[in-house]
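Data first, discussion second: the structure below is written as structure tokens.
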Amino acid sequence: MAEEENKEQSGDSLRDKVLNAIKRVYDPEIPVDVYELGLIYEISVYPVNNVYVLMTLTSPACPSAEQIPGEVERNIKEIEGVNDVKVELTFDPPYTQDMMSEAAKLELGFL
């Protein structure tokens, strides 16, 4: 019953909760979350609440290469009801600053 009430109160789908969990992850060197930076290429929620995230980093030599994907995975696993999480890193297509949201560009002074 409490789970039902919680679901009604939040009104968020599992995909929305996953997105919110991802938005709590920041590159330690940049004051913008990884979603707004454009590092997330794909978010898929499959039956039985398995979550797949395809993401990149600002560069293959990113000093936080181990930390950021692990933090994305941990945040998603904390969501009640999530069964399994797979975070895959890719560098194809390579990251460019054009992938940033308008909000990220504004925050970083690119606009």
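Laboratory data are not the source of any read-out in this text; all were calculated from the coordinates shown. Keep in mind the model is a prediction, meaning the values are calculated, not measured. Cβ placement follows ideal geometry from the backbone for every residue including glycine, while neighbour counts extend to all protein chains displayed.
Taking the Cα centre of the chain as the origin, how large is its charge dipole in debye, to the nearest 20, when only Lys and Arg (+1) and Asp and Glu (-1) carry charge on their Cβ atoms?
140
Need the full-extension length gain, residue 88 to residue 59, defined as separation in residues times 0.36 nm minus the C-alpha distance. One decimal, nm.
Taking residue 88 through residue 59 to full extension adds about 8.9 nm, to one decimal.
Taking each pair of different alpha-carbon atoms in the chain once, compute 1/r for the pair, average those values, and report the inverse of that mean as the Kirkwood hydrodynamic radius in Å to one decimal. Don't jump to the answer; show the numbers that get you there.
On the way: mean 1/r = 0.0676 Å⁻¹.
Across the chain, the inverse of the average 1/r is 14.8 Å.
Provide the per-residue ³J(HN,Hα) series for region 83-91, in order, calculated from phi with Karplus coefficients 6.51, -1.76, 1.60 and θ = phi - 60°, each as a whole number of Hz, with x at glycine and proline positions.
8, 9, 10, 10, 10, 10, 9, 9, 10
So what's the gap between the Cα centers of region 22-49 and region 62-111, to the nearest angstrom?
First find each Cα centre; the distance between them is then 4 Å.
Pick out, from 41, 96, 68, the residue whose Cα sits farthest towards the positive end of the charge dipole of the chain, with +1 on the Cβ of Lys and Arg and -1 on the Cβ of Asp and Glu.
After comparing all options, I get 96.
Sum up the charges of everything whose Cβ sits under 12 Å from the Cβ of residue 103, counting Lys and Arg as +1 and Asp and Glu as -1, but leave residue 103 out.
-2
In degrees from 0 to 90, rounded to the nearest 10, what is the angle of the helix 67-77 Cα long axis to the longest principal axis of the chain?
Long axis of 67-77 versus the principal axis of the chain: about 20 degrees.
Can you pull the one-decimal nm distance between simple spin-label points at residue 20 and residue 98, each 7 Å off the Cα toward Cβ?
With each label point 7 Å from Cα toward Cβ, the separation is 3.4 nm.
Enumerate the amide H contacts of residue 32 below 5 Å, restricted to partners 5 or more residues apart or on another chain; note that Pro and chain-start residues carry no placed amide H.
27
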